[in-house]
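Just so it is clear, none of the values below were taken in a lab; they were calculated from the coordinates. The structure presented is a predicted model; accordingly, all values stated were derived computationally and were not measured. Cβ sites come from the backbone with ideal geometry, for glycine too, and all protein chains shown count toward neighbours.
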Amino acid sequence: MSTQNSTPPAQSGATGIPAATGIPAATGIPAATGVSPSPYDIECQYVATAPTTLRCSKCNRPLMTKDARRTPTGYVCPYYVKARVATFYTAKPEQYVIVALVALALGVVGGVVLRLIGNIGLFAIIITLFAGPAMGGLVAEAIRRVLGKVRGQYFWLTAAIAFVVGAAYFTVLPVLVLFLVVSPSALFALIPVVGVGLAVSTMIARMRI
């Protein structure tokens, strides 16, 4: 009768844990891949110039207080703001020229209309309070229709300057002349100027939405 020689597995010391068999034990620590993970969420060129506890809410990099830009989702660095602006505003120089030409032409028309309204008399003030904002809204809408979906960061400023230049000959220049000759009607001549101011403020508000 043959006797089987059963040898118990080798154990390490008094712990009762089987000795190593050539298979690595699971430790829960991932194996090294040779690539060290970045401590930041996204790539960014911004580098803080001094120690700070503030961090960018987008790239998680240390952020200087003087460079922080406040947004609805937290403080961000200037490079993130520039990147967002570059993707949102896509206007080219020739489109700024178009904005200026449209606003200049409509400024001339608006100046003539406001000048005619100013000659009505007492009711000119009431009419101007309604005509000015309506005119500014029409200019903003005309520019939007001409350019379509193209957006420019300084469209509003270009349009405002061009509109004032176009309307100045019919609104601002007569006022200056009347003030120089000390005419009593100089105060009534300011009514078209008020209309231009209302038109420009409404146009800027519409174009910056």
**Asked** Does ARG145 meet the test of being basic (Lys, Arg) and in contact (Cβ under 8 Å) with a residue 24 or more places away in the chain?
**Response** no
**Prompt:** Within the group ALA131, ALA199, ALA186, which residue is of a type in the set (A, V, I, L, M, F, W, C), over 17 Å from ALA100 (Cα atoms) and touching a residue at least 60 places away in the same chain (Cβ under 8 Å)?
**Reply:** ALA131
